[in-house]
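This report concerns only the one structure given below.
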Amino acid sequence: MTFRSLAAALSAAVVALVAPSTAGAVSVGTSGWNWGSPTPTAAPLLDVSFSGTTGYAVGQSGTMMKSTDGGQTWTGLRTGVSGPFLEVQTVSPEIVTAGGGCSALLSTNGGTSFTRLYFTSTTCSQEFAGAAFLNGTTGYLALENGTFVQTTDGGATWIPKTAIPGAQPANGSGFAAGIWAVNATTVLAIQAGTAGSKIYRTTDSGGSWTEVASNSQAIEDIAMVDANNGFAVGNAGILATTDGGATWTVRNPNGQAQNVAAFSATQAIFVGPTEGGSAILRTTDGGTTLSNGVSTGVNPVQAAAYTSATGVVVVGEGAGGVAVSSDGGATFPASAGGDTIKASLGRLRFAPGGAVATGSDGALARTTNGGVSWTQIGVPTSEDIKDVNFPSGTIGYAIDTAGKLFKTTNNASSWANIDTGSTAKPNAIAASGSSTVMLIGPTGVRRSTNGASSFSTVKGTIASQKLTDYDKGGSAFFTWGSSALLRSTNGGSSWSKLKLPSSKTKISQVDFATSSTGYLRDTSGRVYRTSNTGSSWSQLTTVGTSTLSGMSFSSSTTGFLVTTRFGQTPDSAYLLRTTNSGKTWAPQLVWGDPVNTNGLLAGSTSYLLAGNGLLLYSTTGGVSGSSSSVSVKPSSTKLKKKTKIRVTITVKGAKQGDIAVVASQASGGSWTQQQVALDSTGKATTSWTVSKTTTYVGQWTGNENVAGAGSSGVKVTVGS
């Protein structure tokens, strides 16, 4: 649902528009991770709005992007919202509102920071229906049940007005579907339902409403181009007004559309659904006649916006979600997005200049510019690539799921199939320099010192070990299986077995940041740290969750854990980050699809692989927004017997309604969590029954302006 206040807002000088660049840093809305592929974003985009050449696009997972060059390039904005934004309104280049679900935000500084509007919370009984602002202080907001309120101080306070008629979703008779401001006192509203749609109009700031249009078919969107002229669209066709919405006439009953973008009383673009996609229809005579549908790289298209008389931006799904026209919407570039990786991807490895990902059917995805862009390259095999290693910019090795080894000496321009002298199917491949190559597992290690011309089995303890993967910490190599961890300090020529946290430890993953300091994750979700090459291990007791699926560390103190859920939100890409060797963990929400197994690399630039092939990067450790802090305080820390206690969490930087998690781990047990909504002081109290010595931690993911944080652990002891 787009908003157009005055034609002057779109009267910027005509600029030459081209396809959007794949360069730039479009971040997710909830943390400091940027999209590398596809670009500008993998999020389905649902609305777009421009004021001149500055505009904003919004979509799923709290996505909000900004462009200052008519849609050619985009940057991402932190919204702190995990749900969808259905609407965006660009009042001016610096003033923008966005809303959807239980969230509505206002920015008066171009998206640098946001103010929550009215009802915003993580959960709500009535969802957002629309917002209409005249400037940074005066505006209106509506909820689906017809609630209609006004602010004159930028959302600090709200004045209740007469509800939009007929909007009673609880009774199934209708709901409010959007509002649009004609001027400071005149507002239009759509009431939709199973019986059709109606347009209501108020001329006294919501004191009273008058029905001005009614149709048995749906009316879905309105666009006003000035104080008099505008369009309404839906299954009812194309309607037009020339008197500020007081009356409406049907211009074209066949012009079905879900979104309208208008530049003038005669020039408009209509986005309508078709079988398997959507159509873009244009008019130059006020909607009486329409051009044939225009195809774009975006399918389906959800919304359109004018940046000038000839500049048009459309958003939706596919090919990065954005397409730009420089001829008024007559044509759009065939390649409007940056979806360059077509293969399903498996795992990530560091490579010179960036990283490389294994893929299906012989494919690899590689970045050499720190994750900003990715290129798909191919290995001559129809099997999936199991692992890959580039010890230099030109030399690389890859193994496929059939056990075949491939080598390139010309930066992947061509590959040679190498005979390993064995029928074993290795699980991983490691390289120490360009000539020394190791095939890891399934039993023992086979090693070459002549660039893979020949291999020999490494003798000793390692020869009988079942091995699944490897890691390099400093100058040392580490390899492990379920029950064994081994280390080499001579490039894999010989290996020594390291002590595990206990004789019962079953290893899931090992990550050494240096030759002596490393982390171990077991199959029960416990994480251990050693600073003396495994001579002793200490369990990290403040993680807050047992549902871990990965980890990666960039130094002895800093790194990530991957978890599949946070609180009551499962099956998403959540990370826990520490900068103090695991004393505290700050959660980050990256995306709605879980991180792949072995899909995270932590470094000065970190890389993440989610879903079937979504690639992201961060140069900030995933941190975005100002800092916050979390603490937990039990009502008692020393108990003589099984007792009920209260644990209060306090978050400095939070707002009322923000969600936080208090987690507990009884001695020898798994983590359990309680999800709570914080009050206006950033506090919430939880209740627990304690029968054994238990550790408590608190965590939250942040909000629209503030990064998340985690607390240190507080122990409650039971018994003498």
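The values are calculated or read from the model by the stated rules, or taken from the named source; none is laboratory data. Since this is a predicted model, take the numbers as computed values, not measurements. Counting neighbours? That spans all protein chains shown, and the Cβs are built from the backbone with ideal geometry, glycine included.
Check segment 73-80 and report whether any residue there is farther than 14 Å from GLY110 by Cα, touching a helix residue (DSSP H, G or I) at 6+ places or on another chain (Cβ under 9 Å), surrounded by fewer than 24 Cβ atoms within 10 Å (Cβ to Cβ) and of a type in the set (Ser, Thr, Tyr). So that I can check it myself, show each step before the final result.
Pass one, segment 73-80, residues farther than 14 Å from GLY110 by Cα: 73, 80.
Subsequent filtering for residues that are touching a helix residue (DSSP H, G or I) at 6+ places or on another chain (Cβ under 9 Å) retains 80.
Okay, now just the ones that are also surrounded by fewer than 24 Cβ atoms within 10 Å (Cβ to Cβ), so none.
No, that holds for no residue.
Given (1) over 22 Å from ASN596 (Cβ atoms); (2) surrounded by fewer than 17 Cβ atoms within 10 Å (Cβ to Cβ); (3) in contact with a Lys or Arg (Cβ under 7 Å, 6 or more places away or on another chain), where does SER413 come up short, assuming only one miss? So the condition that SER413 fails would be (3). Only a single item in (1) within 26 Å of ALA654 (Cβ to Cβ); (2) at pLDDT 95 or above is not met by GLN126, and it is number (2). Restricting attention to segment 590-601 and to residues that are modelled with pLDDT under 95 and more than 23 Å from PHE512 (Cβ to Cβ), the residue that is nearest to the chain's Cα centre (by Cα) turns out to be TRP591. All conditions in (1) over 30 Å from ILE395 (Cβ atoms); (2) aliphatic (A, V, I, L, M); (3) not in a strand (DSSP E or B) hold for ALA463, with the sole exception of (1).
Among the residues of segment 585-597, just one is polar (S, T, N, Q) and under 26 Å from TYR696 (Cβ atoms), namely GLN588.
Residues that are among the polar types (S, T, N, Q), in a loop (DSSP other than H, G, I, E, B) and crowded, with 20+ Cβ neighbours inside 10 Å within segment 98-144 comprise THR108, THR120, listed in sequence order. When segment 246-266 is limited to residues that are part of a loop (DSSP other than H, G, I, E, B) and touching a residue at least 60 places away in the same chain (Cβ under 8 Å), the one that is nearest to THR310 (Cα to Cα) turns out to be PHE263. Among residues of segment 536-557 that are more than 17 Å from TRP671 (Cα to Cα) and without any contact (Cβ under 8 Å) to a residue 60 or more places away in the chain, those with a beta-carbon under 6 Å from a residue that is surrounded by 15 or more Cβ atoms within 10 Å (Cβ to Cβ) and of a type in the set (Lys, Arg) at least six positions away or on a different chain give the pairs SER538/ARG529; MET551/ARG521. Among the residues of segment 585-609, those identified as in a strand (DSSP E or B) and either closer than 26 Å to ASN427 by Cα or without any contact (Cβ under 8 Å) to a residue 24 or more places away in the chain (or both) are VAL595, ASN596, THR597, ASN598, GLY599, LEU600, LEU601, SER606, TYR607, LEU608, LEU609.
Looking for whichever is more than 24 Å from the chain's Cα centre (by Cα), crowded, with 18+ Cβ neighbours inside 10 Å and of a type in the set (Asp, Glu) here; the options are ASP387, ASP339. Which one fits? It would help to see each step written out before you state the result.
On the way: ASP339 fails: more than 24 Å from the chain's Cα centre (by Cα).
Only one candidate passes the filter, namely ASP387.
Where residues in segment 602-613 are surrounded by fewer than 24 Cβ atoms within 10 Å (Cβ to Cβ) and over 12 Å from GLY354 (Cα atoms), which of them is modelled with the highest pLDDT? Step by step, filter segment 602-613, then rank; the result is ALA610.
Condition check for GLY702 on (1) under 14 Å from PRO634 (Cβ atoms); (2) crowded, with 21+ Cβ neighbours inside 10 Å: one failure, at (1).
When residues in segment 151-207 are screened for being surrounded by fewer than 23 Cβ atoms within 10 Å (Cβ to Cβ), not hydrophobic (A, V, I, L, M, F, W, C) and not in a strand (DSSP E or B), 22 of them pass.
Would you confirm, using the coordinates I've provided, whether ALA170 is assigned by TED's automatic domain parsing to the domain that holds ASN259 and modelled with pLDDT under 95? Yes; evaluated as a whole, the condition is true for this residue.
Listed conditions (1) in contact with a strand residue (DSSP E or B) (Cβ under 9 Å, 6 or more places away or on another chain); (2) farther than 25 Å from LEU348 by Cβ are all met by SER503, apart from (1). Among the listed residues ASP226, ASP243, ASP285, identify the single one that is assigned to a loop (DSSP other than H, G, I, E, B), more than 23 Å from GLY52 (Cα to Cα) and of a type in the set (D, E, K, R). Matching residue, one of ASP226, ASP243, ASP285: ASP243.
Among THR443, THR394, THR457, which is farther than 27 Å from GLY353 by Cβ, out of contact with any Gly (no Cβ under 7 Å at 6 or more places or on another chain) and surrounded by fewer than 21 Cβ atoms within 10 Å (Cβ to Cβ)? Result of the check over THR443, THR394, THR457: THR443. ALA323 satisfies every condition listed in (1) at pLDDT 95 or above; (2) part of a strand (DSSP E or B); (3) within 22 Å of LYS66 (Cβ to Cβ) except (1). Check segment 141-163 and report whether any residue there is hydroxyl-bearing (Ser, Thr, Tyr) and in contact with a Pro (Cβ under 9 Å, 6 or more places away or on another chain). Yes, there is a match, as at least one residue in segment 141-163 is hydroxyl-bearing (Ser, Thr, Tyr) and in contact with a Pro (Cβ under 9 Å, 6 or more places away or on another chain). Every condition in (1) touching a residue at least 12 places away in the same chain (Cβ under 8 Å); (2) more than 21 Å from GLY599 (Cβ to Cβ) holds for SER502 except the one numbered (1). For segment 234-249, taking the residues that are at pLDDT 95 or above and within 14 Å of ALA218 (Cβ to Cβ), the one that is surrounded by the fewest Cβ atoms within 10 Å (Cβ to Cβ) is identified as LEU239. Kindly indicate whether any position in segment 456-464 is at pLDDT below 95 and either under 24 Å from THR409 (Cβ atoms) or assigned by TED's automatic domain parsing to the domain that holds THR597 (or both). The answer is no, given that none of the residues of segment 456-464 is at pLDDT below 95 and either under 24 Å from THR409 (Cβ atoms) or assigned by TED's automatic domain parsing to the domain that holds THR597 (or both). Just to be sure, is VAL96 among the β-branched types (Val, Ile, Thr) and under 30 Å from SER214 (Cα atoms)? Against the criterion (among the β-branched types (Val, Ile, Thr) and under 30 Å from SER214 (Cα atoms)), VAL96 does not qualify. Scanning segment 56-97 for residues that are more than 17 Å from the chain's Cα centre (by Cα), in a strand (DSSP E or B) and polar (S, T, N, Q) gives SER67, GLN89, THR90, THR97. Count of segment 659-680 residues, restricted to those that are in contact (Cβ under 8 Å) with a residue 24 or more places away in the chain, surrounded by fewer than 16 Cβ atoms within 10 Å (Cβ to Cβ) and part of a loop (DSSP other than H, G, I, E, B), is 4. Pull up segment 365-378, narrow it to residues that are hydrophobic (A, V, I, L, M, F, W, C) and surrounded by 24 or more Cβ atoms within 10 Å (Cβ to Cβ), then point me to the one that is nearest to SER604 (Cα to Cα). The qualifying residue nearest to SER604 (Cα to Cα) is TRP374.
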